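Here's the structure we're looking at; comments come further down.
The values are calculated or read from the model by the stated rules, or taken from the named source; none is laboratory data. Keep in mind that what you see is a predicted model, and the values were worked out from it rather than measured. Because the Cβ atoms are built from the backbone with ideal geometry, glycine has one as well, and the counts that use them run over all protein chains shown. We work out accessible area using only protein heavy atoms, side chains counted, and drop any ligands, DNA or RNA first. Shrake-Rupley method; radii C 1.70, N 1.55, O 1.52, S 1.80 Å.
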Amino acid sequence: MVPQMRFFIFLFAFVFSIITLGGGGLSYTNATEKEALRNIQKRWRITTWEKLLSIDPCDRLKPWRRDGQNAWINCSCDPNNSCSIIELKVFEMNVSGTIPDALFNLTNLVNLNLSRNILNGSIPEDIHKLKRLRILSLDKNQFSGNITPSIGNLTNLTYLSLGTNRFSGGIPSTVGSLTLLEQLYIDSSGLSGPLPSDLANMTSLKTLWAFDNDFTGNLPESIGQLTNLTDLQIYGTFLEGPIPKKLSALTKLETLKLGDLSGADSNLSFLENLKSLFTLSLRNCQVADEIPPFLANFSNLTYLDLSFNKLHGSIPNLFGKLATLRYLFLANNALSDLFPSEVLTENKNLTTVDVSFNNISGSLSSSDLREELSMNYIGTSMNKQSDSQPFLKCIEMESSPCTSNYHSAVGTFSVNCGGKELSLSGIDFFSDTTPLGIADFYISSNHRWAVSSSQSFISKSNGSNFIVNTDEPMPKLYHTARISTRSLRYYVVGLQNGTYKVELLFAEIVMDDTPSWTGLGRRIFNIYIQNQLVEQDFNIIAEAKGSKKPYNKTYKITVANNILDIHLLWSGRGTCCIPAKGTYGPLVSAINVTREDHFTPSPTSSSHNERRAGIIVGIAAGCAAAVIILSSIVYLWWKRIDLDHVQVCTNTAKQS
């Protein structure tokens, strides 16, 4: 038995040595790389690494890499058990500071993921030392300065993500050397200037996200040379059209999102051969064209957005035959004629239709407007027989006075957006809790006001029926809000004409401003009142100096046709995906509208009574002025005041 016991003791010792010594000393990490890890841990204070520093990073039991960890490494070992670190992940750790020089001693890295932190400073020029990199993720940080041209030396890259940062300047021309690159994300990165023609050299590129930047110049024709593209998204920039016809060569595209182009008009002829598209969005691209018949051949098309353009002609019934089509947005165009009801009856998969603000007409039955369908047709001549038609007519003919359908005019309006009826400081705020669909509108029961909403992204993170709420310690008016990822519009009809004070109440209750990657989000939208732009690139957090903080904005406007139109519109600006995908676009907590000039509601709103009221007010004001002047003369004479010695006060600041 003694020899057997010795054998088991030896076997136990051998196994124990393997476990405790990391493979019995069979794996060794390069000493330089070990030291680099120590320096990185010290600089970034990665607490999960503190207990691991005494263990070889490439230990075969992989203590440095555990499922669910956001900070880990991975190694590759040769037959002699000499190992190198090939993957480094420090993901979603809220690590701050700059990139330490020690990181560039990990010259065998193939995958470097530093995404979702709050790293700052510039990307060091020494990044070119990581020549073996295939995946580089630096998105959702606070990197700034110009992107170093040395990034063009990383010629093995297939994936590069620099989105959601604070860079400045343009895209370095050296990116043209990245001929193996398949995915490039530079969205919301702060870049400006023209898109370089060198992008055309990146012929392996399949995905290009370049939205929400300050790019200028024309949308380059050279993009048409990237014939392997399957996903192209460029909007929310200062680029100009027209859309290049050479984009017709991008026949592998499955997602195409262009938007917010100024300059020359575009047409849709370049689309004819792009039959692989699932998602097509050309929102606000100055498209002046008819809807082409060849769209009937797009058998994969699920999402189509041609809103805010110059489309004319009729809406073809081909959309009823596109069985895959679920979302159709044609709002704010010049489309005319009857709306083909076959679109709704033949295509049962269609869940969203937005044809608002077009010159179309037609009648829809209750069977057409099935329960699962969300449809917005406000600002058209559709459904004239409905009870809401007087209100809809007012909105359609916005340039004409709108009082004939109302018994009296009003001079105030207040609504608690997304919240219940509320009375504060003598002001009664209407309830605004009606659920809205993806493209929908609601007209109040008294037919005095309406809200119209349209969404460009569908996500549960946007709240139930696009209403959000909070329990933060703020006034009740700010506990709820309506949100939209495209267009949010409020109308008030039957207002007495005159000058009004429009107060918009805001509080950002979805995004935060904490010192973490989740605080990097930017909600940006434009505000129009009476079709006039009053705020461009409005940012609630920036204005309020933080999230969950009330902020009110007041405007003086004129109502001349008895209608007030308040429009909050997303123009492609702001981050898309912080803290969750689809977090962007307008948000408003409440609206309060009051008459600025003296106003007493009259039993009628005819122009005759308005003139009569003006005459009475004028006479009363004149009499009051005369009494004041006469009293002043008598008073001065009685006191015998020497006017030469009266001190005159000015608004000049007193200097000390």
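Look through I99, I127, I86 and report the one residue that is at pLDDT 95 or above, closer than 30 Å to G169 by Cα and outside any helix (DSSP H, G or I).
I99
Residue-by-condition table, conditions (1) in a strand (DSSP E or B); (2) at pLDDT below 95; (3) at negative phi; (4) open to solvent by 40 Å² or more (accessible area, probe 1.4 Å):
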| position | (1), (2), (3), (4) |
| --- | --- |
| L184 | yes, no, yes, no |
| D187 | no, no, yes, no |
| T203 | no, no, yes, yes |
| L229 | no, no, yes, no |
| K257 | yes, no, yes, yes |
| D260 | no, no, no, no |
Original post:
Which ones in segment 433-453 are out of contact with any Gly (no Cβ under 8 Å at 6 or more places or on another chain) and assigned to a loop (DSSP other than H, G, I, E, B)?
Top reply: T434, P435, L436, G437, I438, S444, S445, N446, H447
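So which of A249, A288, A296, A210 is at pLDDT 95 or above, over 22 Å from G163 (Cα atoms), touching an Asp or Glu at 6+ places or on another chain (Cβ under 9 Å) and among the aliphatic types (A, V, I, L, M)?
None of the other options fit; the residue is A288.
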Subject >> Criterion violated by A13 - all others in (1) at pLDDT below 85; (2) open to solvent by less than 70 Å² (accessible area, probe 1.4 Å); (3) of a type in the set (A, V, I, L, M); (4) part of a loop (DSSP other than H, G, I, E, B) satisfied >> reply: (4)
Subject >> strands (runs of 3 or more DSSP E) lying entirely in segment 292-347 (those with 3 or more residues that are at positive phi) >> reply: none
Original post:
closer than 30 Å to G190 by Cβ, open to solvent by 40 Å² or more (accessible area, probe 1.4 Å), without any contact (Cβ under 8 Å) to a residue 60 or more places away in the chain and aliphatic (A, V, I, L, M): does that describe A323?
Top reply: no
Subject >> Leading residue by the ranking (surrounded by the most Cβ atoms within 10 Å (Cβ to Cβ)) among those in segment 432-459 that are farther than 20 Å from L495 by Cβ and among the polar types (S, T, N, Q) >> reply: S454
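Residue by residue, here is whether (1) closer than 15 Å to N94 by Cβ; (2) of a type in the set (K, R); (3) touching a helix residue (DSSP H, G or I) at 6+ places or on another chain (Cβ under 7 Å); (4) open to solvent by less than 40 Å² (accessible area, probe 1.4 Å) holds:
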| residue | (1), (2), (3), (4) |
| --- | --- |
| L119 | yes, no, no, yes |
| S122 | no, no, no, no |
| I127 | no, no, yes, yes |
| N146 | no, no, no, no |
| N153 | no, no, yes, no |
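Report, by residue number, each residue of segment 495-504 that is in a strand (DSSP E or B) and open to solvent by 10 Å² or more (accessible area, probe 1.4 Å). Quick ask: steps written out before the conclusion?
The first filter runs over segment 495-504 and keeps only residues in a strand (DSSP E or B), leaving 495, 498-504.
Those that are in a strand (DSSP E or B) and open to solvent by 10 Å² or more (accessible area, probe 1.4 Å): G498, T499, K501, E503.
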**OP:** Select from segment 348-379 the residues that are among the polar types (S, T, N, Q), part of a loop (DSSP other than H, G, I, E, B) and surrounded by 18 or more Cβ atoms within 10 Å (Cβ to Cβ) and list them in ascending order.
**Re:** T351, S356, N358
Original post:
From the set of residues in segment 519-557 that are touching an Asp or Glu at 6+ places or on another chain (Cβ under 6 Å) and under 23 Å from Q142 (Cβ atoms), which is surrounded by the most Cβ atoms within 10 Å (Cβ to Cβ)?
Top reply: I540
